[in-house]
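For reference, the structure discussed in these notes is given below.
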Amino acid sequence: MTNATIPGAFIAGLISFLSPCVLPLVPGYVSLVSGAGVEELKSPQAQLMRRVMVNSVGFILGFSIVFIALGAAATELGQVLGEYKHTLARVAGVIIIIFGLHLTGIFKIKALYTDARLHSVKGSSTPLGAFVIGFAFAFGWTPCLGPILTAILALASEQDTLVKGILLLGVYSLGLAVPFLITSLLMERFLKFYSRFRSHMHALEVASGGLLIALGILLVIGRFTLISSWLSFLNRFAL
């Protein structure tokens, strides 16, 4: 695992949170797992705050388990097919480039617009119910988060131990979890932030697509470690 991989996975989680299939619906998710309305969440009482925080943690654990399991599976597959590792890295690079082109808008993959967020799932005011909702929603998010999630899973398949693959997806999940938890506790501020940020969402998608294309190219040519070298250079320069 390179020095760039861990912070890169966390940033990927943050970008996933800011994606059009997650960010606009965050107030609804918080309302769903807390059993409280959005207006009520703007100025919650202490008891409601505790319930929101505990249930949000349950929701986070639910989707984290799904993503971590996917990371473990990707790492196991990568180890089983170890002798084809370089070929698989190039194939993964090509797939990531295609997803990057999708995000930039050069062409669109219709399957990634599939709305599978399980709108029929009912709300819950218990931590266990929130956990189940988070577990279920992770599968609904997967098509829309496909480009970024696929890139992280490709990196997980490159890891030489199962622990590293699990850690990678754990950090990715943390990147999704931290802003979600902050939003749960500061709903009114989040709504103000979203009203200003939504006009920049397309620009974020294009920038994310560009980063994925660059990552895919490095994987295809077998030079992904250049990222680590670049970061090391920046660290020396800063010192």
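All of the numbers you see were taken from the coordinates with simple rules; none came from a lab. Not measured: the values here are computed from a predicted model. Cβ: placed from backbone, ideal geometry, glycine included. Neighbour counts: every protein chain shown.
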Difference of contour (0.36 nm per residue) and Cα-Cα distance, ILE221 to ALA69
51.9 nm
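Going by how many other Cβ atoms sit within 10 Å of their own, how do GLU76, GLU39 line up, fewest first?
Exposure proxy ranking, most exposed first: GLU39, GLU76.
How big is the shadow of the Cα convex hull of the range 119-222, averaged over all directions, in nm²?
Values: hull surface 34.9 nm².
Result: 8.7 nm².
Once you list every other residue whose beta carbon is under 14 Å from the beta carbon of LYS192, what net charge do they have if Lys and Arg are +1 and Asp and Glu are -1?
Summing Lys and Arg as +1 and Asp and Glu as -1 gives +3.
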In nm, what is the difference between 0.36 nm times the number of residues separating VAL163 and PHE139 and their Cα-Cα distance?
6.4 nm
